[in-house]
Amino acid sequence: MDYPAPPTYDASKFDLWKFKISAYLKALGLHVYLTTTKSSYINNGKYIEGNAQALIALKKSLSKNYLSMVSHCDSTL
């Protein structure tokens, strides 16, 4: 299933972006969403796949300036 692009990050409207990106990650799957919200989820076997999907979605939502700040991150937590 193809999903639309994730919401674009806008620092001046952080609360709105947070709401939209949370809904977007949930739409990708519960495992994807949980990798971004529960540190205890790291021990779950679905963590690696969910983390990868969440990282892609989060990084796609950022402009080049913000992406350069987090491009080294390999975990959503």
Legend entry - Candidates Ser39, Ser61, Ser12, ranked by Gaussian network fluctuation over the chain, Cα under 10 Å, top entry: Ser12
Inset, instruction - Compare Tyr33, Tyr47, Tyr24 in a GNM of the chain, Cα atoms joined below 10 Å, and give the one with the largest fluctuation. - result: Tyr47
Legend entry - Mean Kyte hydropathy of 0.0 or more with a Cα span along the axis of at least 20 Å, helices from DSSP in the chain: 14-28
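Assuming R0 = 25 Å, can you tell me the calculated FRET efficiency for the pair Ser63 and Asp15, based on Cβ-Cβ distance, to the nearest 0.05? Mind showing how you got there, number by number?
On the way: r = 18 Å, r/R0 = 0.73.
Computed FRET efficiency for Ser63 and Asp15 comes out at 0.85.
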Inset, instruction - Please go through the residue pairs Lys18/Lys59; Lys13/Lys60; Lys26/Lys46; Lys18/Lys46; Lys13/Lys38; Lys18/Lys60 and name each one whose alpha carbons sit more than 20 Å apart in this structure. - result: Lys18/Lys46; Lys13/Lys38
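What is the stretch 17-77 by shape, rounded, prolate or oblate, if you read a ≥ b ≥ c off the alpha carbon gyration tensor as root eigenvalues and call it rounded for a/c under 1.5, prolate for a/b larger than b/c, and oblate otherwise?
Numbers: a/c = 2.22, a/b = 1.40, b/c = 1.58.
Note, shape of the stretch 17-77 comes out oblate.
Each value in this text was obtained by applying a stated rule to the coordinates, not by laboratory testing. Owing to the predicted nature of the structure, the values given are computational and were not obtained by experimental measurement. When we count neighbours, we look across all protein chains shown, and the Cβ atoms used for this are built from the backbone with ideal geometry, even at glycine.
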